[in-house]
Structures are given as structure tokens and as C-alpha cells.
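A.B. asks: This is the structure I want to talk about, given as C-alpha cells.
The values are calculated or read from the model by the stated rules, or taken from the named source; none is laboratory data. Model, not experiment: these values are computed from the prediction. Here the Cβ positions follow ideal geometry from the backbone for every residue, glycine too, while neighbour counts run over all protein chains shown.
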């Protein structure tokens, strides 16, 4: 596979195995540079190499060269196209190179045994085997499991999704403690689920809480090495499974875990269907700015998958892996969990077209908090699982509610309003339905009505029901009641008349404020109802005096109430102000 190139023949991709030939391994000498500068240049070169594309039909899909940092310190930079290797293959490659290095440094021949089969042999066999009934069985399962309209996961992003996916991305990581990791493992065993299933279920809860979607699809890579004959082969065996989970009904985490287990076991039993063939058969709606079938992936890196990153000790040589920063993202989000001695490393690769670094760090914190919550109470509904960090809880419960502000404690509301009238008499105070009142106009009309209310007996300990729709008149009425020294009791015009009558009786109301079109709602009460209307920016007061025998209607205009609207009003003493 390391001598493979891929060419097109009659429109089909064909593997070409090139003959053995000397491999060029150039050396870039950085030893003369300062140590700090060496690291900067090395990272820059590695990043450029990772971004430099391969010509798919070139002679080699493998590039390598050496960065010399000192007499006994070197970096081997290896770049290989994903078409010929997978993660498992990298572990094999590291072990085999280490074995060859040890033998060649001692003048010994290669101790590696000849391979019984090559990758091309397996690919040919798989193509012949995955036909007829075998293929139909695989496809029937996936067609049934992925039936209907497939959901598109819509996570809240920091920026609009571009029209075409650019695959620009980066990765953020967070260490999860060993104690929490072990607790999650114990929970999985109690519920009959693997560590992978338990972590996946927690990740899906996170996606559900962020998106509020109950039908979630997540992709996950699998090794694809189900036969012992291929365990030692370098090549691309990896496949991608589509895991669809139903989170409807607000299940407990334990119940959700059983659903995830069912989905995972079914997918594993039908994992031989190549992902690209599945997409071709299902023909989902394609979009240039999204991946087909799913937009997020999940992967648990166990010890077998991490062989390439382990430290290797050889006579006269210590060898360890240096992680290279990735600047790409195949999907919106890709969560990779790696087991280490300190616990778990949660690495979230994300599209920088969609998300900010701060958003992803917050998402990783929420994932850790969800793990703590499910361990504490796996039978709690997933909607009730806490995922907020302590600083976020403090901000939500304390900081956002810290609204205290100094204000004159010895002044009533209407007095504060009058102070504002003096400062800005001609500025607009209230607007409704295209009509406006300035501070001076609102104050004058409120004073006028307050005088009238006082003449009707409104004062301290008087409750005045207000049955008004939202309007300029409602602002005038509420302010006037306060100026008169009373207290207002709002009534909802949508309430039944019997309920309104009960409230009026309970309030012992002798006077009420309303509007002409709503006055009939209070007809079953003995109260005097003052109807407020608007005519050419002047208040028209209609006093409806009711008795058990008959109803008298009298119109009181602004001119009859007061020749000129009063510009101020003095409430009847401190007690009235306090009461208001």
C-alpha cells in the first residue's frame, strides 16, 4: 500500500502498485537556529505539509523528510494520503519501522515476515463477497433504520453556514478526570452498555440540549478489521457507521442508554456495508455546505487505536509521537475521546466557519458537566440534567439578578414622573398606534383626571379597578389614580363577566376606569364607571352612574371638568403617597 498510486481507467479508480525503488528522504537542518525558533519553524513546516495536497495519480501517496534540530534530536515528518492508511495502519507502521530500525542498526536483515495476503487481495475478496443476498441483507437493515425524512442537525452557530463547505477547522481539548471516567464506566456496566455507548449517549444528550431536536444522527468510525488475516495489514479498512437515536418523550439517561445500545448493536451487526455505497443507495438530499446523512461524529480512541502515539524505547534511541495541529474539519463537529493515564481527553474538532473557540470550550465544559450529572442520577430525565458550570450558574442566578440601583426612596412614582416633566416637558413620553403624548401632555391629562377622581372620593385606601386595553388612555388613568392618592387594580377584559363582577365586589369598588367599548363588561356591578376616550388629543370623561333601577349617562368634557387642565396636582398628604 505504501507503493500505491490511484489512477482512472475508463472512468473507474484503479489501484496501481509501483515497483520497489529508492525512497528520497531529504533533511532540513534547523540546528543553527535558537531552540525556541526551531520549534516554531518545525510546527510551521508540519502545518504546511499537512495542507499541501497530493496529486492522486502521482507515483507516491507518501511524503517524508527529516528536520534536524541537533546532533541527537530529529523530527521525522511523515505525510500519508488517507486513501492508503487508517489510524490502525499508523500504529502498524510505527511498530514495523521501529523493528526495522533496531535490526538495521545492528547490521541484521529485516525480521518482518512476508505477508500472507496484501490489501489488494482483501479488497478483491470483499468486492466478490459483498454481492447478492449478503449485500441485500446489509442494505435492507440500513434502509429500514434510516427510513423517512432524515433529520439535519441544526446547532446554534456563531456565524451563518457558508454556501459551500470549506472544511476549514481546528481542534480544542479538555481533560476529564480519572475519577469521573471510572464512574462513567461503572454506570455503563450497571446498565449493560459499553464505555463507548455511555459516552455516545452523553454526547447525544448534549446535542439534544443544544439543538432541541429529538431525532439525532451521529457518525462513528470503526476499524473494519473483522478478520484476523487483515489485522497486520497496512491499508484503509476503516468504515463509518450511521447511528440514529430517538430522544423523544424526555427519557431518563438510563432509558436513553438502552436506545443507544440497540442502535449501536444493530449497526455493528451490519457494519460491512461501505459508507459510500450506503450513500449511493439511499440517495439522500445533497447539499454543498453539509455532509450527507450526518453532520457530527463521535469516536472513542482505545489503547489499540493509540499505538502510533506511544513512546518506543530502542537501544540508543527514544521515539515518541509529536501531535500536529489540524487546520481542517470534515464535519461541523467531531468529538474524539482518548483514554490516558490521567483520565480522558475530549478533543472537539470543529468548523471554524461556524463556531468560535470560546463556544467550543464552553461545549466541552457542558459535556463534562453532563457526565457528572448522569453519574449522579442516571434516572433523571435528560431535559433536567444539569450542564451549566459553577460560573454560569452564578452568572444566571446571581449576576443577572443583581439589578439593584439607587433611587429616591422618599418620593412616589408620580412625583418622580413630575420631576421628569420639569426636565423634558416637550419630549415624547408615551406612544401607541401612531399617537403620542409628551411628558407635559401626559401630566396635564393625568392631573385633570386626578382632580375628577378626588371629587368622586378617591383617596388613600381607595382601590380603583382598571379595565382598559393597552392605549394612551391606560397610561393617563394609572398615573391619575396614583396622583389622586389611590391604588389601581388591573382587570383583564378577556375574563368572563361573572369573574369581573366577583373581582369588583371583592375590591369593594365604587369607581372603575374603563373604555366605552368595554363598559358593558362591568354592567353587572354597582360601581360608577368612568369611560376614557380620545378626541383631538383631549380627554373625554363619561361618567356612568348606575343604580339597581336605571342607568344614567352623563358626559363630562375636559372643558366642564376644568376650564384649563391643571398643570400640577398635590396628593392628600404623606399617607396617600405611601399608599399609592
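A.B. asks: For residue 224, work out the one condition from (1) buried (at least 16 other Cβ atoms within 10 Å of the Cβ); (2) closer than 24 Å to residue 90 by Cβ; (3) under 29 Å from the mean Cα position of the chain (by Cα) it doesn't fulfil.
C.D. replies: Failed condition: (3).
A.B. asks: At least 3 residues that are more than 25 Å from the chain's Cα centre (by Cα) and under 28 Å from residue 77 (Cβ atoms) in each: list the strands (runs of 3 or more DSSP E) lying fully within the stretch 230-345 that qualify.
C.D. replies: Strands (runs of 3 or more DSSP E) meeting the threshold: 312-314, 317-319.
A.B. asks: Considering the stretch 420-435 alone, what residues qualify as being part of a helix (DSSP H, G or I) and more than 21 Å from residue 482 (Cα to Cα)?
C.D. replies: Answer for the stretch 420-435, where residues must be part of a helix (DSSP H, G or I) and more than 21 Å from residue 482 (Cα to Cα): there is none.
A.B. asks: Right, another one. Tell me, which strands (runs of 3 or more DSSP E) lie completely within the stretch 1-115 with 3 or more residues that are surrounded by 15 or more Cβ atoms within 10 Å (Cβ to Cβ)?
C.D. replies: Numbers: elements: 4-9, 12-17, 27-29, 62-70, 73-80.
Ranges flagged: 4-9, 62-70, 73-80.
Residue-by-condition table, conditions (1) surrounded by 18 or more Cβ atoms within 10 Å (Cβ to Cβ); (2) within 49 Å of the chain's Cα centre (by Cα); (3) outside the structural domain of residue 450 (by TED's automatic domain parsing):
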position: 475; (1), (2), (3): yes, yes, no
position: 490; (1), (2), (3): no, yes, no
position: 508; (1), (2), (3): no, no, no
position: 512; (1), (2), (3): yes, no, no
position: 515; (1), (2), (3): yes, yes, no
position: 521; (1), (2), (3): yes, yes, no
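A.B. asks: Of everything in the stretch 363-419, what is out of contact with any helix residue (DSSP H, G or I) (no Cβ under 9 Å at 6 or more places or on another chain) and either closer than 30 Å to residue 476 by Cα or assigned to a loop (DSSP other than H, G, I, E, B) (or both)? Give them in sequence order.
C.D. replies: Hits for the stretch 363-419 are 400, 401, 402, 403, 404, 405, 406, 409, 410, 416, 419.
A.B. asks: How many of the residues making up the stretch 436-461 are assigned to a helix (DSSP H, G or I) and touching a residue at least 12 places away in the same chain (Cβ under 8 Å)?
C.D. replies: 16
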